[in-house]
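Chemist: Sharing a structure here in structure tokens format.
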Amino acid sequence: MSHDFQPKLRTYFILMSLPFFISCSQNEFHGSVRRMPTYSGDVTVSAVDTKEASVPVSLEPKAEMLMGSFPAARTEIESLRFTLDTREVSTDFELKDILQDQTQVFRQMTRPRHTERFQQGHPPSAQHETFDQQSRRGMVDILLVIDDSISMKEEQRNLSDKMHELVGAIEGSDWQIGVITTSAVYENNVPQCVMNLIRSTEADADEKFKKAVLAGTSGDRNEQGILQAVVGLSCPTHPWLRPGASVAVLIVSDEDNCSADGLDCPGTASAKETFLIDYVEKDLGRVIGKNAGFYGIFSPPASPCQTSSNVGLQYQRLVDYKAQGALNYGNICDVSYKSTLNRISDSIATLLSSQFELKDLPLPSSLQLKMQLSDGTERWLGPGDYSIDQRTISFSPGKEPPVGAQLRADYTVAGLPMWKEVELGDAAALDTIEVMFDDDTIASDDYRLEGRTLKFAEMPPAETLIRVQYRSDLPLPKTFNLPVQAQAGSVQAKIDGQETRSFQLDPLQRALTFQSAPSDGAEIELHWTYRQGPQLSYALPLGEESSGYQIIDEKGPIPFTVQQGVFTLPLAEHKLGKILTLRYQMPDFNQRVFALAHEPLPESAQLDQGPITCRIGGGVVIKGSTLTSTCGVTSRTEFTLSYLYYVMQTDFSLSGVIEPERGQWRVQVDGVPTDDFERKGTVIKLNFEVPPTARIGIQYLYPEDLGLKSAPQGKGEKL
């Protein structure tokens, strides 16, 4: 087998000598270390629904865990030259430092991301709308998804006695309420519909509602509100949705879907709120805002509940979907849910066939209603046929439009002030701003940023929904500190897997500064070599029956100790790059045996012989760590031997741990956990032998008070 080896040391022998050089085994070995980061997620702020918005303040990411992966042994390359001639042996070797490679991964901070919405005004205008009557009496099916995790005891109690608040605005209609929890129940990997149903015609509806809502707190901590909403609506084992009935979904939870914006349901369709939206619109064929609606009681991103672990990012997007600015939700932290449920009940009432909601608020006395029957007959409706409250048209009992009728509403809408600039809730990083007019992104030349004020070159068109997305204007770190001093020229850097040289190092080689700060959330991988200390021990191969060892420099002999072929020098004699010579005597035999300091890896040895026939397997035999030569030579002949060998590691150190006695340590060998190890500070020592090809994994978990803290909350600017 042919190998292209880089020689590390040349040795010269006389009389069939085979001296050998090897770096000494280090007692401590550092491998690849990965820092597991945490960082803030997206923050959504609505500028349509509220005058003030609470915006999370940026929090510098803190690590919760350090991880290291280490090889059980490292592979070294050895190359040496030996000479067959007289009895004296002479070997030159160079003094070196003990150098070690290290890799560490950092995560760039992620600045909070905001989405703010602004509705452009309009001049007074005439509006025309049409509605289709689909049933003779109002029917509505309400699905209530209740969180049954450990933190929901008080919230369930708050809701359990308020059924009448939920159905107050739809009294007299044909309603039913299905109650399901956020804990998925599986059978043969298929979610099961475990639900309680309460009907408006039942005398004990109050008690059944209360019992269903008090679902207990022993449920799954991974709250899957979106999945369970679809399971409850589909419910193949007990179908309950009625054709023609309006549909309302109310989710009550103190955490977001899948705990935090889908985090705990990776790779599943139900990890996003669109799973529920698509089911209602496509599978059920309902129209959101007309005969279907989404509602919620959760921790709103704009005003987070302080006792809630995660804000309801997905639930906020769900209730805002086609809500036309309506406030279809409440705060899970509210002392009472009464006002929220009254508001939700009023909204559900607009979904019934006897009620219709206008898109805009009509000017007083401007509304005119005309009904067209299925046979084409038309007639104008009078004040006694209906009443109007804000935007909601309610028909008097017995005056509901017949099935198949169409209503036409003509009215005048008051104008709203129009503007050319908006005030953002937080200072924005200019290069992260994206502005959309309805669904179209506008060019950056069409606006400019002055402080927190976004000014448009031209006034946005009337009634345009302006959506502004941006990240907070916080400085992204450009400098990353190394735990140890790096060797000059050894530092390598990658950003998101791409190698870069656009950085500078401080004079002490301890801090790396990029020319441009890595982007939000970028993975920064740094690799470098550092000096552990002077190498004082050198393993040199000696021939059998050799004697009379001397180590000399240019001034003469220097002191040393030798044990089993390892020569150790005093610290005072070490000077990096200095060349020393080992001399000794050896008898001359036809067969010469030499002890190598290490056992070559199979098939890695390569011998380049001189002008005589002498090769591995023919004149030279390597068995274990012993080399035997029977080559016949008649004159001075030089050979070069190269091979690979394993250097087993004994100790493994995880750098970057500040308080090793307070955290939790875990060790794995090839992915299998083990407790058979000893730890002293940050150094792990295994109590058993492992194969040289094994990987040693070490995890350090920070104690709770050193981990991630809750982000403080700040208030945005008034709009």
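Laboratory data are not the source of any read-out in this text; all were calculated from the coordinates shown. Computed from a predicted model, the values in this text were never measured in an experiment. All Cβ positions, even for glycine, are placed from backbone atoms using ideal geometry, and neighbour counts span all protein chains on display.
Chemist: Sort 261-272, 301-312 for me by packing, meaning the mean count of neighbouring Cβ atoms within 10 Å per residue, highest on top. Mind showing how you got there, number by number?
Modeler: Working: 261-272: 16.2, 301-312: 19.8.
Descending packing order for the listed peptides: 301-312, 261-272.
Chemist: Would you be so kind as to identify which of GLN504, HIS527, ALA486 lies farthest towards the positive end of the dipole of the stretch 479-534, taking Lys and Arg as +1 and Asp and Glu as -1 on Cβ and the Cα centre as origin?
Modeler: Looking along the dipole axis, the top candidate is ALA486.
Chemist: Continuing with the same structure: Return the sequence-ordered ³J(HN,Hα) values of the stretch 674-687 in whole Hz as given by the Karplus equation 6.51 cos²θ - 1.76 cosθ + 1.60 applied to θ = phi - 60°, using x for Gly and Pro.
Modeler: Once θ is set to phi - 60°, the couplings for the stretch 674-687 become 9, 9, 8, 8, 10, 10, 10, x, 9, 9, 9, 10, 6, 9 Hz.
Chemist: Which of the aspartates and glutamates could a cross-linker bridge to LYS680, judged by Cα under 13 Å and excluding same-chain residues fewer than eight apart?
Modeler: GLU28, ASP651, GLU659, GLU661
Chemist: Ok, one more. If you place +1 on the Cβ of every Lys and Arg, -1 on the Cβ of every Asp and Glu, and leave all else neutral, what size is the dipole of the stretch 251-349 about its Cα centre, to the nearest 20 Debye? Don't skip to the answer; put the middle values down first.
Modeler: Details: 8 positive and 12 negative charges, 80 e Å.
With only Lys, Arg, Asp and Glu charged at Cβ, the dipole is about 380 debye.
Chemist: How many Å³ per residue does the convex hull of the Cα positions in the stretch 138-357 occupy? Show your work: numbers first, answer last.
Modeler: Details: hull volume 24.2 nm³, N = 220.
In the stretch 138-357, the Cα convex hull volume per residue is 110 Å³.
Chemist: Run the numbers for GLN515 and GLU423: contour at 0.36 nm per residue of separation, minus the present Cα-Cα distance, in nm. If you can, show how the numbers build up before the last one.
Modeler: Working: separation 92, 0.36 × 92 = 33.12 nm, distance 3.23 nm.
Full extension from GLN515 to GLU423 adds 29.9 nm.
Chemist: Percent of Cα-Cα pairs more than 18 Å apart in the stretch 479-534, please.
Modeler: 29
Chemist: What's the whole-number percent of alpha carbon pairs in the stretch 167-270 lying beyond 25 angstrom?
Modeler: Details: 1307 of 5356 pairs.
Cα-Cα pairs in the stretch 167-270 separated by more than 25 Å: 24 percent.
Chemist: Turning to a different aspect of this structure: Using the basic label-point model (7 angstrom from Cα toward the beta carbon), what is the GLN550 to ILE579 distance in nanometres?
Modeler: 1.9
Chemist: How high is the FRET efficiency from GLU661 to ARG501, r the C-beta distance, R0 41 Å, rounded to 0.05?
Modeler: Taking R0 as 41 Å, the efficiency between GLU661 and ARG501 is 0.55.
Chemist: Using the Kirkwood formula on the Cα atoms of the stretch 331-394, what hydrodynamic radius do you get, in angstrom to one decimal? It would help to have the intermediate numbers written out before the result.
Modeler: Working: mean 1/r = 0.0707 Å⁻¹.
For the stretch 331-394, inverting the mean 1/r across all distinct Cα pairs yields 14.1 Å.
Chemist: Using Cβ counts within 10 Å as a stand-in for footprinting exposure, how do LYS359, LYS162 rank, fewest first? Before the final figure, lay out each step's value.
Modeler: Details: LYS359 11, LYS162 19.
Ascending number of Cβ neighbours within 10 Å: LYS359, LYS162.
Chemist: List, in order, the whole-Hz ³J(HN,Hα) value for each residue of the stretch 230-247 obtained from phi through the Karplus relation with A = 6.51, B = -1.76, C = 1.60 and θ = phi - 60°; use x for Gly and Pro.
Modeler: Each residue of the stretch 230-247 in turn: 5, 4, x, 6, 7, 5, x, 6, 9, x, 9, 5, 9, x, x, 7, 6, 10 Hz.
Chemist: How fast does the stretch 450-593 diffuse by Stokes-Einstein, in µm²/s, taking the Kirkwood radius from C-alpha pairs at 20 °C and 1.002 mPa s?
Modeler: Numbers: Rh = 22.1 Å.
Here the translational diffusion coefficient equals 97 µm²/s.
Chemist: Continuing with this model, one more query. Could you give the C-alpha radius of gyration of the stretch 353-510 expressed as a fraction of 2.2 N^0.38 Å, taking N as the number of residues it contains?
Modeler: Taking N as the residue count of the stretch 353-510, the ratio is 1.99.
Chemist: Please report, for the Cα atoms of the stretch 259-331, the Rg to one decimal and the Dmax as a whole number; what are they, in angstrom?
Modeler: Values for the stretch 259-331 (Cα only, Rg and Dmax): 12.9, 38 Å.
Chemist: Can you tell me the dipole magnitude for the stretch 479-534 around its Cα centre, using point charges on the Cβ only (Lys, Arg +1; Asp, Glu -1), in Debye to the nearest 20? Let's see the in-between values first.
Modeler: Details: 4 positive and 6 negative charges, 64 e Å.
Magnitude of the dipole: close to 300 debye.
Chemist: Right, something else. Specify the inter-centroid distance of the stretch 244-306 and the stretch 149-194, based on alpha-carbon positions, in whole Å.
Modeler: Between the Cα centre of the stretch 244-306 and that of the stretch 149-194, the gap is 14 Å.
Chemist: Can you run phi through the Karplus equation (6.51, -1.76, 1.60; θ = phi - 60°) for the stretch 67-76 and list ³J(HN,Hα) in whole Hz, with x for Gly and Pro?
Modeler: Computed from phi, the couplings for the stretch 67-76 are 10, x, 10, 10, x, 5, 8, 10, 9, 10 Hz.
Chemist: So how do 201-207, 409-415, 338-344 stack up, highest first, on mean other-Cβ count within 10 Å? Could the numbers behind the result be given before it?
Modeler: Working: 201-207: 11.7, 409-415: 16.4, 338-344: 19.4.
The peptides rank, most packed first, as 338-344, 409-415, 201-207.
Chemist: Could you check what % of the DSSP bridge pairs in the stretch 138-357 are antiparallel, to the nearest 5?
Modeler: On the way: 7 of 32 bridges.
For the stretch 138-357, the DSSP antiparallel bridge percentage is about 20.
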